[in-house]
1. Please find, among MET42, MET49, the residue that is surrounded by 10 or more Cβ atoms within 10 Å (Cβ to Cβ) and either acidic (Asp, Glu) or within 15 Å of THR84 (Cα to Cα) (or both).
2. Can you tell me which condition ARG129 does not meet? The list is (1) at pLDDT 85 or above; (2) surrounded by 13 or more Cβ atoms within 10 Å (Cβ to Cβ), and all the others hold.
3. Please count how many residues of segment 72-106 are open to solvent by less than 60 Å² (accessible area, probe 1.4 Å) and closer than 19 Å to ALA35 by Cβ.
4. For segment 54-70, which positions are open to solvent by 80 Å² or more (accessible area, probe 1.4 Å) and within 30 Å of the chain's Cα centre (by Cα)?
5. Exactly one of these conditions fails for VAL16: (1) open to solvent by 50 Å² or more (accessible area, probe 1.4 Å); (2) modelled with pLDDT under 80. Give me its number.
6. Scan the helices (runs of 4 or more DSSP H) fully inside segment 35-136 and keep the ones with 1 or more residues being touching a helix residue (DSSP H, G or I) at 6+ places or on another chain (Cβ under 6 Å).
Amino acid sequence: MSILSEFREFIARGNVVDLAVGVIIGGAFGKIVTALVEDVVMPPVGLLMSGVDFSLMNWVLKADNPATKVDEMVAIQYGAFLNTIIQFLIVAWVVFLLVKAVNTLRRAQAAEAPPPAPSAQEALLTEIRDLLKSGR
């Protein structure tokens with residue numbers, strides 16, 4: 001079997017295609033969450049904190065030197081880090097809700113499913129047992 005036919009077989013498996021779809025949807029979802037945090041969540045939070053823009057919050061370790069006119073500022077961007085933490089919490093919450101919904105659906109389907117019918121051998125053994133109990 002050639003390497004190309006093995007690769008074709010690998011790609012044709014359902015798991016690989018499902019994984020690819022999940023990655024693509026996850027990337028798009030990440031963009032939605034980023035926009036939600038930066039454009040919807042953080043402006044009101046900043047307003048509540050006297051108009052602070054979290055994305056601009058930083059600790060300057062080395063300031064720019066205006067004499068050289070070169071951007072030499074070195075800073076710890078903790079505001080961007082806070083935005084990323086909030087994005088993570090939103091994604092984690094949504095994933096939790098999705099997993100919870102899927103588990104609820106699975107439990108509901110398992111509860112609705114009737115027990116499997118006994119096999120012919122089990123039915124015959126049950127009939128023999130019942131006849132022995134009745135004394136016939």
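The values are calculated or read from the model by the stated rules, or taken from the named source; none is laboratory data. Here the structure is a predicted model, which means the values were calculated and not measured. Virtual Cβ from ideal backbone geometry, glycine too; neighbours counted across all protein chains shown. The area values use the complete protein model at the heavy-atom level, side chains included, leaving out ligands, DNA and RNA. Shrake-Rupley method; radii C 1.70, N 1.55, O 1.52, S 1.80 Å.
1. From the options MET42, MET49, the qualifying one is MET42.
2. Only one criterion is unmet by ARG129, namely (2).
3. Number of matching residues: 9.
4. Correct list: LEU56 only.
5. For VAL16, the exception is condition (1).
6. 42-48, 78-112
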